[in-house]
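No lab work stands behind these numbers, since they all come straight from the coordinates. Bear in mind that the values here come from a model prediction, so they are computed numbers and not experimental data. Don't worry about glycine lacking a Cβ; one is built from the backbone with ideal geometry, like all the others, and counts go over all protein chains shown.
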Ligand SMILES: [Zn+2]
Ligand SMILES: [Zn+2]
């Protein structure tokens, strides 16, 4: 991200400025931040990456203009949010939007997170099959590592575990 | 309004205990973003739909009589501006929730859990612990998550994980933050350089209060930015190791102050204590600076009659809305500064 002020140096200082309850966001380089010596009480809550709208707008600009030329923009059949609208407001309309815009999201997710798939917690109650599947995925990655490291005994153990879980998945 | 009971900072766990590394780390906070599967995200909800979400979440949480014992629900629509600002200053809610009439927050009786409802996501589960202890905070947040998920269908995708309104939070939906007190690194002008390095590790650093590189009270917050493709444990570990390095450099910098430098620092700390215990007018910004100095004095053993927790308390009570809420009337800035100075002096000389 470039500095909002000089548009040259990278922005390393992120400022939330609140004036009369109105919030403005600024992303500045250190030099410009020092020069802008405005004091008012401000508060940064939990380190949200800000200015998502700007980011999305610039990221999707070529795609959106492409959509504009077509008569029907891509939209979510549950909440009605269109894809161009998503890029403007930086927020999805409902959880189904992820499915509706599936084909368009990976480059953005890769840019934001470096990855396009989830690793980590899975819901307890509704995540039953997903939990097993993600465990299998994890074990498969471990298996690959074990094979690469030529740890064949560990690899054999992992393979047995994977088979066991796959059978469990088949039975359910 | 029962909000008054929140002014009693002695009941806030993270302020009044001393967790790991609490000479430098004030608190660790974990936030989990979750959404209901079958309801549009909050920005598309009308008033009655939003109310229904609040009700569903509150019912789900209170189904657990242990965690939810004596928990309070506050509806943003019922609160005054000052009351909402107070909740923000005390870190119970975000400024975004304060601006949202459809929003609500549930605060547990030990003040460790706060659940924001209808912020950017339907649910933002937050847990705060004293010192460098994000694992404990995550464990509790995850337990609250499990309790809620027992009753509510949460939006989750096999490939993308927990689905959030903004793609920056998708996956684990986790944001881990630690609040650091870095007076000596700030004084030596070493924070700016450190921040640039940290930005390259996928973490964000911000001054907690104040503008630009000026962090009031020398309080900084580091948080993770990436939420997808890394497990909660890895995200916490990464943050812990970076925090560990910063803590080590602040401690080293404190130890390195010898001879004349040390004398000057002791002088500064003692003067700040003198100002806090004698002045008649104090702005929030000024007060934060002196409180930071005195806190350092306590950590270095220069000031012996106070505990670190006392200063944690002062940081919170020095905020603009706290004083406003304590005195319960409209005040001019001058009156506010007068009351603040009196209030802080009273706390220090108690
Ligand atoms: Zn600049
Ligand atoms: Zn949708």
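List of remarks:
- The mean of 1/r over all distinct Cα pairs in segment B:259-349, once inverted, gives the Kirkwood hydrodynamic radius of 13.4 Å.
- Folded to 0 to 90 degrees: helix B:134-151 orientation relative to chain B principal axis, Cα: 20
- Oblate is the label for segment A:127-171, because a/c, from the alpha-carbon gyration tensor with a ≥ b ≥ c as root eigenvalues, is 1.5 or above and a/b does not exceed b/c.
- Remark: segment B:94-224 projects, on average over all directions, an area of 9.7 nm² (convex hull of Cα atoms).
- Sequence-separation-based contact order of segment B:259-349, relative, with Cα cut under 8 Å and 6+ spacing, percent: 36
- Taking B:76, A:1, B:194 and counting other C-beta atoms within 10 Å, the order from fewest to most: A:1, B:194, B:76
- Between helix B:308-317 and chain B: long-axis angle, C-alpha atoms, 0 to 90°, nearest 10: 70
- Helix B:47-62 axis, angle to chain B major axis (alpha carbon atoms, nearest 10°): 80
- Mean partner shielding of peptide A:104-116, defined as the number of other chain Cβ atoms within 10 Å of each residue Cβ, is 4.
- Least to most buried among B:32, B:73 (fewest other Cβ within 10 Å first): B:73, B:32
- Taking every residue in B:190-196 and counting other chain Cβ atoms within 10 Å of its Cβ, the average works out to 2.
- For chain B, the alpha carbon positions stretch 65, 46, 35 Å along the principal axes, listed from largest to smallest.
- Shielding by other protein chains, B:148-160, mean Cβ within 10 Å: 5
- Rounded to whole Å, the principal axis extents of the Cα atoms in the protein assembly as shown read 73, 58, 54, largest first.
- Each of B:111, A:154 was scored by other Cβ atoms within 10 Å of its Cβ. Arranged with the fewest first, they read A:154, B:111.
- Normalising the average separation of contacting C-alpha pairs (under 8 angstrom, six or more residues apart) by the number of residues puts the relative contact order of chain B at 19 percent.
- Segment B:253-308: Rg to Rh, with Rh as the Kirkwood radius over Cα pairs: 0.99
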